Amino acid sequence: MGVTGVTATLSPRPPVATGCPRRGPSVSAAVWPCRISRVRSDRRSWARRDRRSWARRDRRAAVARLRVLFVCTGNVHRSVLAERLFAKWAPDAEASSAGTQARHLEGMDAATRSVLAGLGGEVGAFASRPLTAALAAGSDLVLGMEREHREAAVRLEPQAMRRCFTLKEFLRLAADLDGAGATPEETVARVAALRGRVAPASQRADAIPDPWGQGYDVLRDCATGIDEAVRELSGVLGVRGGVLGREVT
C-alpha cells in the first residue's frame, strides 16, 4: 500500500569525535598524536620514578651491608669510642671494634663510658675482643687508630689490604674525592686507588694517639677528636644520618 502526503526525511548521522576530547568532535584525526604524546610522557615519568626508587633501594641495601671495623691496641678507649660514635652518625651501617692486644672482657671501661655518654654515643652492652683474621676478612672497611693496627689487620688477612687504613689516613686520601652517587664500597675502592698517588703523610699525622693512663681530660679530648673524625667519615661514605638523609645533630 503506498504512502501519500508524507515526505520521508532522513536525519543526518551525528559527527564522530576523532580528536582530543577537550578540543571538540570537529577536530581532525590528525590531532591524535597529542594524546599519544601525553601517554609517552607519562610512561617516561613513571620510568624515571621507578629508576629513582630502585636506586634508593639499592643504596639502602648497600648501606645496610656496610661493615666498618675500628681497631686500636686494647679495645678499651679509642676503637670503642670510634665504633659507638660512628654508629651515632651512621645508624644504618654496622660498626664494630677490636684490639690487637685485647682480651675478651665484658663491660665498657668506666672513663670511656663517661666521655662517650657526654658525646651522645650508645653506652649499652659491650665486650672487648682481639682482632682476628675473620674480623678483618668480614669487614668492608678496617680503620686502625695507628699504622701498627692497620698493618696487624693486613698481616692477619692479606686479601683485606685494599680495605685497611688508619682512620686519619682514609680521611686524608678522601679529602679531594668526589664520591657523589657512589656506594660506600665504591668509595672505599676509589680511596684505595689513591694510595701511592697522593703524597704520603708522617706516621704521626695519620695517627690518633693512645690516651691510656694519661688522665680523664686527655681521654675526653681524644674522644672529641674521634667524634669529629667519624662524623667526617660518615659524610665521605655517604651514610650520615642513614640512607634517607636524616641529619643527626
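Can you pull out every residue in region 192-221 that is closer than 19 Å to Phe86 by Cα and part of a helix (DSSP H, G or I)?
Passing the criteria: Leu219, Arg220, Asp221.
I'm told Thr224 meets every condition in (1) closer than 27 Å to Val115 by Cβ; (2) part of a loop (DSSP other than H, G, I, E, B) except one. Can you identify the failing condition by its number?
(2)
Taking the residues in region 195-225 that are charged (D, E, K, R) and touching a Phe, Trp or Tyr at 6+ places or on another chain (Cβ under 9 Å) as candidates, determine which candidate is surrounded by the most Cβ atoms within 10 Å (Cβ to Cβ).
That would be Asp206.
Return the pair list, or none, for Cβ contacts closer than 8 Å from residues in region 71-90 that are on the phi > 0 side of the Ramachandran plot to residues that are assigned to a loop (DSSP other than H, G, I, E, B) and at pLDDT 95 or above, at least 6 apart or on different chains.
Sorted first by the residue in region 71-90, then by its partner, the pairs are Asn75/Ala102; Asn75/Arg129.
Please enumerate the residues belonging to region 156-185 that are loosely packed, with under 14 Cβ neighbours inside 10 Å and not aliphatic (A, V, I, L, M).
The answer is Pro158, Gln159, Arg162, Asp176, Asp178, Gly181.
Criterion first (loosely packed, with under 14 Cβ neighbours inside 10 Å and in a helix (DSSP H, G or I)) does Ala87 satisfy it?
no
The values are calculated or read from the model by the stated rules, or taken from the named source; none is laboratory data. Please read all numbers here as calculations on a predicted model, not as lab measurements. Neighbour counts run over all protein chains shown; Cβ positions are idealised from the backbone, glycine included.
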